[in-house]
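Let me begin by presenting the structure, written as structure tokens, before commenting on it.
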Amino acid sequence: TAQVIDGKAFAAGLRTRVAAGVARLKAEHGITPGLAVVLVGEDPASQVYVRNKGEQTRAAGMNSFEFKLPADASEQELLERVAALNADPAVNGILVQLPLPRHMDAAKVIDLIDPAKDVDGFHVVNAGKLAVGAEGLVPCTPLGCLMLVKDRLGGNLAGLNAVVIGRSNIVGKPMAHLLLKESCTVTIAHSKTRDLPALARSADILVAAVGIPQLVKGDWVKPGATVIDVGINRVPKLDGSGTRLVGDVDYASAAEVAGHITPVPGGVGPMTIACLLANCLTAACAQAGLPKPAL
Ligand code: NAD
């Protein structure tokens, strides 16, 4: 059976390294990185994320600035808030919590964020930099996935077959670009892919970012493969008592075949906020003209 990739422990280690980097930046350059998070509306899941982000930001020694706009705020108000944060030198990273209310255009809002402060890595400038292999800010979830894979496989991924299931701008596409940069042979699968099980079985590294509970079965997995499960799906418990979280991978059957596998929860999930903190430190260093911190 597969070795479990403990994302929770890895994320804790990463947060410690970020905190050490922040302390060094303060001591040597008098800079305290600042992360601004903007939340529009009352979505309960988003409120939890924003609270966790604030707590972990402060725990890493950075400043956390939180802005809440009511659900009926105008798009113009949000754009003005983002513009003010772009202009504020105490703010090194800006994150607008998604999803936004229906009457707001997320693309327009993301477009306005200064790419140097775009710690989510969603701005087209950062997406473009990733695509051409230039230094930029990389989306947190795929960045975390890559760290877990490299930690397990010894850093050199050249020549491995990687299959990424899902082509979203937030996870699938940037994940594929990151693996390509590591010289993997990358295939992106999606809802129109034919014979997905056979394609998945060709993967040395299989990343599932689909949003369908337990889609990937054990017989889709190549023996010994590294399986990264990005999915976070809430499903009813079998005994009818409430709900539980499952991934996009059928963990029990996949773990019998894989070499390494991330659990849900406790795999990719904790890496996302840790990578957000890492991106904020990276952004603060870049804005000060300092080299990229080694994390
Ligand atoms: P999305 O809905 O934007 O994209 C899903 C992708 O899956 C699409 O590209 C689609 O083509 C593909 N797809 C849909 N049905 C398919 C099928 N039957 N076969 C193959 N491909 C299919 O989702 P997303 O934002 O990329 O998120 C994917 C999953 O990852 C979700 O479960 C989400 O909750 C989770 N997620 C987790 C984190 C985290 O761990 N912090 C972050 C972001 C997303």
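The values are calculated or read from the model by the stated rules, or taken from the named source; none is laboratory data. This structure is a prediction, so every number in the text was calculated from the model and none was measured. Cβ: placed from backbone, ideal geometry, glycine included. Neighbour counts: every protein chain shown.
Some points to look at:
- The number of residues in segment 237-264 being hydroxyl-bearing (Ser, Thr, Tyr) and within 16 Å of the ligand (Cβ to nearest atom) comes to 3.
- Filter pass, Leu206 being within 20 Å of Ile170 (Cα to Cα), within 16 Å of the ligand (Cβ to nearest atom) and of a type outside the set (S, T, N, Q): yes
- Single match in Leu238, Leu245 (criterion: surrounded by fewer than 18 Cβ atoms within 10 Å (Cβ to Cβ) and modelled with pLDDT under 95): Leu238
- Residue within segment 54-67 that is in a helix (DSSP H, G or I), out of contact with any strand residue (DSSP E or B) (no Cβ under 8 Å at 6 or more places or on another chain) and aliphatic (A, V, I, L, M) present: yes
- Breaking point among (1) at negative phi; (2) out of contact with any strand residue (DSSP E or B) (no Cβ under 6 Å at 6 or more places or on another chain); (3) of a type in the set (Gly, Ala, Ser), for Ala254: (2)
- Gly136 meets each of the listed conditions (1) touching a Lys or Arg at 6+ places or on another chain (Cβ under 7 Å); (2) touching a residue at least 60 places away in the same chain (Cβ under 8 Å) apart from (2).
- Filter result (surrounded by 17 or more Cβ atoms within 10 Å (Cβ to Cβ), more than 18 Å from the chain's Cα centre (by Cα) and within 16 Å of the ligand (Cβ to nearest atom)) within segment 218-235: Trp220, Val221
- All told, Ile165 falls short of being within 10 Å of the ligand (Cβ to nearest atom) and free of Cβ contacts under 8 Å to residues at least 40 places away in the same chain.
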